[in-house]
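For reference, the structure I am asking about is given below.
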Amino acid sequence: MHTILNDTITKQITLERLENIKQLGFARAGLVSAFFVLHLFMGWVLNVPTFRGKELYFSLYLSLTFALHFFRKTRVAQKINPNSLALIDIPMASLIMAHWTIGADDERLLRIGGFALSFNLFFIHLSSFLLSRSKTILTFLASAASVTVIQSITKTHINTIIVSQLLLFIFLFTTLYKNKKVYVLIKKSFEEQAKIEKLSRYFSPNIASHLQSQGELTTAGREAEVTVLFADIRDFTKLSEAISGQEVVELLNALHERLVDCIFSCGGTLDKYIGDGIMAYFGAPIADPCHADRAYECVKKMKKAIANFNAARELKGLEPIAIGIGLHSGKVVIGDIGASVRREYTIIGDTVNTASRIEGLTKKHQLDFLATEAVCERLQNRDDLRLVSEESIRGKMQTVRTYTN
């Protein structure tokens with residue numbers, strides 16, 4: 001489960017990284033174009049001398065920017081784009097700032113040294129959107145080299161250069177730490193979502209909400225007393241042969257939707273779908289002394305739901321659907337069972353097997369419902385139940401009494 005979850009997170013982060021690289025390309029094209037226009041306006045319209053002479057660098061920068069963007073699907077661009085901050089932006093910004101130092105006085109040199117630090121801190125910050133530790137470290141190394149070169153050209157004092165490098169390193173550390181915390185947060189979010197989806201799959205909304213808020217779901221094996229319900233569609237093989245595959249799926253989905261609603265409305269737990277059948281249980285994961293009553297109430301709701309479903313089918317000229325339902329109460333083992341790559345929260349034991357056998361007996365007796373004496377003994381009111389038979393079933397030494405309503 002953890003391997004699958006980690007693979008899912010890695011895939012989502014990769015997709016997010018690719019999208020961020022694409023958006024970074026858009027942003028780079030817009031910003032470089034804006035700075036180029038500003039440079040031309042200030043230098044050639046307002047006649048500010050310091051904004052002249054860098055047209056070649058801006059043209060080269062803009063050309064690389066648009067080339068990487070428009071040819072981003074090529075192999076070369078796909079290798080460069082994730083590292084474009086270190087390979088394109090920082091070197092080009094450094095060239096422009098280096099040209100800016102030509103003929104500058106001491107005060108302007110000092111400002112350029114400060115600009116170099118600010119720009120490279122910004123580049124390290126941008127690298128966090130790449131969601132990659134290696135890309136951020138590469139950006140830091142390029143930034144550290146750029147700041148060292150520019151501040152050396154501007155004759156910045158060695159103490160200032162050391163402090164600048166320290167600030168860059170601190171910014172690197174905080175960026176990496178932030179990315180790590182974001183990854184942990186994403187992983188926790190995925191785990192929480194997976195847990196919620198798992199709870200919603202098995203349990204009724206009320207039970208799922210309770211388990212989520214209390215954190216009470218224990219996946220380790222334990223014993224519990226439950227009432228197990230098996231429901232199966234009669235003659236489904238014959239029915240499915242007369243309709244298309246799509247209609248088979250639509251019919252099953254419609255039936256299961258109604259049956260699961262009945263299970264959840266009575267506080268039951270959906271265990272699994274078995275072909276055209278369904279298995280559920282009552283009394284776990286939250287212990288409930290009235291599990292048999294809830295299961296019997298679910299049977300009544302299922303029979304009513306199927307009757308309404310058949311009434312709608314008859315209006316369309318379709319044949320009615322018949323189901324068989326079996327109930328049995330007793331001890332089971334409950335927990336996450338299966339291989340490490342795929343486990344399911346389920347129940348096992350003789351009680352489960354017996355419930356399945358009882359459902360099978362409904363065909364023999366041509367009834368839509370049978371319950372064992374173990375269920376009847378736990379019901380608060382069993383007045384509407386009558387004895388059907390006492391017979392042997394496969395896997396049990398003693399005979400079993402069955403009842404119906």
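The values are calculated or read from the model by the stated rules, or taken from the named source; none is laboratory data. All figures in this text were calculated on a predicted structure; none of them were measured in a lab. All Cβ positions, glycine included, derive from the backbone under ideal geometry; neighbour counts span all protein chains shown.
Please go through region 34-66 and pick out each residue that is hydroxyl-bearing (Ser, Thr, Tyr) and over 39 Å from the mean Cα position of the chain (by Cα).
Once the filter is applied, which keeps residues that are hydroxyl-bearing (Ser, Thr, Tyr) and over 39 Å from the mean Cα position of the chain (by Cα), region 34-66 yields Thr50, Tyr57, Ser59, Tyr61, Ser63.
Which of (1) in contact with a Lys or Arg (Cβ under 9 Å, 6 or more places away or on another chain); (2) farther than 16 Å from Cys298 by Cβ is the odd one out, the single condition Gly330 does not satisfy?
(1) is the only condition that Gly330 fails.
While we're here: Determine if region 223-232 includes at least one residue that is surrounded by fewer than 17 Cβ atoms within 10 Å (Cβ to Cβ) and assigned by TED's automatic domain parsing to the domain that holds Ile274.
Checking region 223-232: at least one residue is surrounded by fewer than 17 Cβ atoms within 10 Å (Cβ to Cβ) and assigned by TED's automatic domain parsing to the domain that holds Ile274.
On to the next question. Scan region 133-160 residue by residue and report those that are outside any helix (DSSP H, G or I) and crowded, with 19+ Cβ neighbours inside 10 Å.
Residues satisfying the conditions are Thr154, Thr156.
Also, quick follow-up: Considering only region 319-330, I want to know if a residue exists there that is at pLDDT below 95 and over 22 Å from Lys272 (Cα atoms).
yes
Here are some conditions: (1) of a type in the set (A, V, I, L, M, F, W, C); (2) surrounded by 13 or more Cβ atoms within 10 Å (Cβ to Cβ); (3) modelled with pLDDT under 90; (4) within 24 Å of Ile348 (Cβ to Cβ). Ile274 meets all but one. Which one does it not meet?
Result: Ile274 passes all but (2).
So that you can scan it fast, the table gives a plain yes or no per residue for (1) among the basic types (Lys, Arg); (2) at pLDDT 90 or above:
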| site | (1), (2) |
| --- | --- |
| Asn6 | no, no |
| Asn20 | no, no |
| Leu40 | no, yes |
| Arg75 | yes, no |
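It is to be established whether one or more residues within region 239-262 are in a loop (DSSP other than H, G, I, E, B), closer than 26 Å to Val375 by Cβ, assigned by TED's automatic domain parsing to the domain that holds Asn353 and modelled with pLDDT under 95.
no
Please go through region 310-362 and give me each residue that is part of a strand (DSSP E or B), among the hydrophobic types (A, V, I, L, M, F, W, C) and without any contact (Cβ under 8 Å) to a residue 40 or more places away in the chain, ordered by number.
The answer is Ala339, Ile348.
How many of the residues in region 7-47 are surrounded by 11 or more Cβ atoms within 10 Å (Cβ to Cβ) and acidic (Asp, Glu)?
Looking only at that region, the number is 2.
Please tell me if Val184 is in contact (Cβ under 8 Å) with a residue 24 or more places away in the chain, loosely packed, with under 15 Cβ neighbours inside 10 Å and of a type outside the set (Ser, Thr, Tyr).
It is false that Val184 is in contact (Cβ under 8 Å) with a residue 24 or more places away in the chain, loosely packed, with under 15 Cβ neighbours inside 10 Å and of a type outside the set (Ser, Thr, Tyr).
Also, quick follow-up: Out of (1) modelled with pLDDT of 90 or more; (2) buried (at least 16 other Cβ atoms within 10 Å of the Cβ); (3) not basic (Lys, Arg), what's the single condition that is false for Thr269?
Here Thr269 clears every test but (1).
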